[in-house]
Every structure is written in C-alpha cells, then in structure tokens.
Amino acid sequence: MSKVFVSWSGGKDSCLACYLARTSGLEVSHLVNMFTEDGARSWSHGLSEEVLKAQAKAVGIPLVPWRTSAADYEAEFQKMIRTLSCDSVSGGVFGDIDFTEHREWVERVCRGAGAVAHLPLWGWDQDKVMESFIECGFEAIVVAAKAEFFGAEVLGMKVDGAFLQYLEPLRQSRGVSVCGEAGEYHTLVVDGPLFQKRLLVEKSRRIERDGYLFLEILSVGLGNK
C-alpha cells in the first residue's frame, strides 16, 4: 500500500480527495498545510493553525504545518515532500478539479521531489464534485469569499442543496464556479465519513482583508458524532 500525504486546505475538495484516496487503497499518513511565514494563517483559506490542528485531530490524521513566505513557497513545498519521504511517503494527494496551470505545478513540484501526484477529482464535472461531497455525508461551512461576488451573509453558510441554489444566480450572472475553483469562496469541513469527532466552531467573527470576506474562527472544540 502506497503511503501518501494530502495537501490539506481544510476545505471540501481536499477532504473529498482524501476520502477517495483512502477508499482507493492509498494510506494517508499526513495532512499538510502551508502557513504564512509568521504562522498566523494558512495560505489557502486563511485559517489558524489551532483550527486546522483541531480538524486534523477530529479526522485522526496528524497535521504537518509548514511555514513559508510567498517567495519560497515552491522550494519549501519540495522540502516538505523530501522530509516526509524519510517516513516512506511516496506521493501526495491534491484536490484539483480543472485548473490546468495548478495541476502542472503540482506534478512538476512532486516530480522534482521524487514523489507521485495523485489527483482523484481531476476532470470531474464540478456539479458532480459538489453532489458527491454532500451525498457522502460531509458537512462544511463557508469561511472565505471574494467580496466582489458575495456579501457577508455567505460566511458560515452550510454547503448543502440550499447553498447550491444560492450559488445558481451567481453562476448565471457572474460566472462563479460551483466549486469555487477560481478562488471565489473557500470552506471548512466540520464532519463527515473521514471524521472520528465533529469539529465545533465555538466562537467566530466576520472580517474583511485584501478583497476577501473571512469568517475568522476564534475558538473550536470537538464533539461526538
């Protein structure tokens, strides 16, 4: 059985990719998240290390928090892969769907570090990704959204059928992709078949930074499923 890490944002796509990797027979040994150099938040979704560590604990797979500047991101990502290879990790799992430029980056960086890139969602229709995520029993909330498309009311929304209906006018009028593949919005998964415990958001606040609305999570806990 091949041992792999998951490039883990904490959101729906990386979570579904992790689930599919496991069900396909891969051994997921680590969840990896790239944080800003000061460790204040994750590069992908703006989440704190505390939140992502609690989420990883709920899942039962250890989190590897890796700090980097924007300038050193690629070099540090490869360094992370080489470090994990010492623990017999031979590949990485990524939640990319249809953004070709990022797939090429993922494959090049993994190849350069001697690892295999696995992209179980690649080429899926985005509607299928969303439907599969919901039908599998995962639960997620919106934690970040581009202010040009969304109002603050989207923060904290549950990703479900009602959310898909909410998105539909934005798909039609503004070209917002249903999975937010172009970064239109980001999510945090709080429960589902991967989880041993439920992640509880106990305290949060809404903020705006760099053109994004964020649900800044101040306190989390774990609950029974």
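Laboratory data are not the source of any read-out in this text; all were calculated from the coordinates shown. Small disclaimer: the values here were computed from a predicted structure and weren't measured. Neighbour counts run over all protein chains shown; Cβ positions are idealised from the backbone, glycine included.
Remarks
- Between segment 147-197 and segment 71-112, the Cα center-to-center distance that results, in Å: 26
- Cα pair distances of segment 3-118 binned at 10 Å [whole percent]: 15, 49, 35, 2
- Put in order of Cβ neighbour count within 10 Å, fewest first, the listed residues ILE141, ILE207, ILE134 become ILE207, ILE134, ILE141.
- All other residues whose Cβ lies under 12 angstrom from that of TYR166 are scored, Lys and Arg at +1 and Asp and Glu at -1, for a net of -1.
- Distances between placed amide hydrogens fall under 5 Å for TRP122 paired with no residue 5 or more residues away or on another chain.
- Computed as a quarter of the hull surface, the mean projected area of the alpha carbon convex hull for the chain stands at 11.6 nm².
- Listing CYS86, CYS179 from fewest to most neighbouring C-beta atoms within 10 Å gives CYS86, CYS179.
- Vicinal HN-Hα couplings computed from phi for segment 141-152 (Karplus, 6.51 cos²θ - 1.76 cosθ + 1.60; Hz; Gly/Pro x): 10, 7, 10, 7, 7, 5, 5, 6, 10, 10, x, 4
- The chain: most fluctuating residue of GLY192, GLY123, GLY60 per GNM, C-alpha cutoff 10 Å: GLY123
- Top of VAL51, VAL32, VAL176 by mean-square fluctuation, Gaussian network on the chain, Cα under 10 Å: VAL176
- Computed over the chain with a Gaussian network model linking Cα atoms closer than 10 Å, the most mobile of GLU208, GLU104, GLU74 is GLU104.
- Computed about its Cα centre, the charge dipole of segment 137-223 is approximately 180 debye, with only Lys, Arg, Asp and Glu carrying charge at their Cβ.
- Amide H partners (placed H, <5 Å) of GLU37, local residues excluded: THR68
- Farthest toward positive dipole pole in segment 3-118 [+1 Lys/Arg, -1 Asp/Glu at C-beta], among GLY91, SER24, VAL116: SER24
- Phi-derived couplings, Karplus 6.51 cos²θ - 1.76 cosθ + 1.60 at θ = phi - 60°, listed residue by residue for segment 18-34: 4, 4, 5, 4, 5, 5, 7, x, 6, 9, 8, 9, 9, 9, 10, 10, 8 Hz, with x used for Gly and Pro.
- Each Lys and Arg adds +1 at its Cβ and each Asp and Glu adds -1 at its Cβ; summed about the Cα centre, the chain shows a dipole of about 640 debye.
- Net charge over other residues, Cβ less than 9 angstrom from the Cβ of PHE133 (K, R count +1; D, E count -1): -2
- When TYR73, TYR212 are arranged by Cβ crowding within 10 Å, least crowded first, meaning fewest neighbours, the order is TYR73, TYR212.
- Amide hydrogen neighbours beyond the local backbone of VAL64, cut-off 5 Å, H modeled: LEU31, VAL32, ASN33
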